[in-house]
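What follows is a single structure, written as structure tokens, with notes after it.
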Amino acid sequence: METVMEDEEYNYREVVLPSLIPIVAEPGLERETGERRRGRDIVIAVDHGPKSKHAFDWALIHLVRLADTIHLVHAVSSVRNEVVYETSQGLMEKLAVEAFEVAMVRSTARIIEGDAGKVICKEAERLKPAAVVMGTRGRSLIQSVLQGSVSEYCFHNCKAAPVIIVPGKEAGDVSLI
């Protein structure tokens, strides 16, 4: 079992991603300028729901570029619970492989213990990404007003990067994705 890292405010576990993803070499030099291309860091908040998967797919198709690195972030109640960790690790591995197959981008993954909105904003502060991408929860307007949502919290509190909230697909929508 790997160690649980304890930061000042939260605990987390890095996810070791599958070895079938080859290590991508650093990008070459640009012809015109002679400068090294630098990819962006993009945080994608994921969970086990279909709206999160839709946001992940949207980011791969519409946002990420070849030299980028995506940072998958998943908040859980406890990183010490092996069942929760293994389920989350499986999700992260599957998404990392898909990210490489679809967009040929590097991925890192971190499972973090704590309130989802707070840990996503904390990761954004740590990484200083180009964007934070997340899906909607799918609550009605009244439920969102009464209970709040993770995406709403991040929208108002993540100051390190723009937050992109990808609306969920409706049941009848036909998508080209």
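Structure summary
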| item | result |
| --- | --- |
| Exposure of residue 51 as accessible area (Å², to 10), given a probe of 1.4 Å and all protein chains | 60 |
| Separation of the residue 128 and residue 160 label points, Cα + 7 Å toward Cβ, nm | 1.0 |
| Solvent exposure, largest accessible area first (probe 1.4 Å, DNA, RNA and ligands not counted), of 85, 153, 12 | 153, 12, 85 |
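The values are calculated or read from the model by the stated rules, or taken from the named source; none is laboratory data. This structure is a prediction, so every number in the text was calculated from the model and none was measured. Neighbour counts are summed over all protein chains in view; Cβ atoms, including those assigned to glycine, are modelled from backbone coordinates with ideal geometry. In case anyone asks, the SASA skips ligands and DNA or RNA and just uses the protein heavy atoms, side chains included. Shrake-Rupley method; radii C 1.70, N 1.55, O 1.52, S 1.80 Å.
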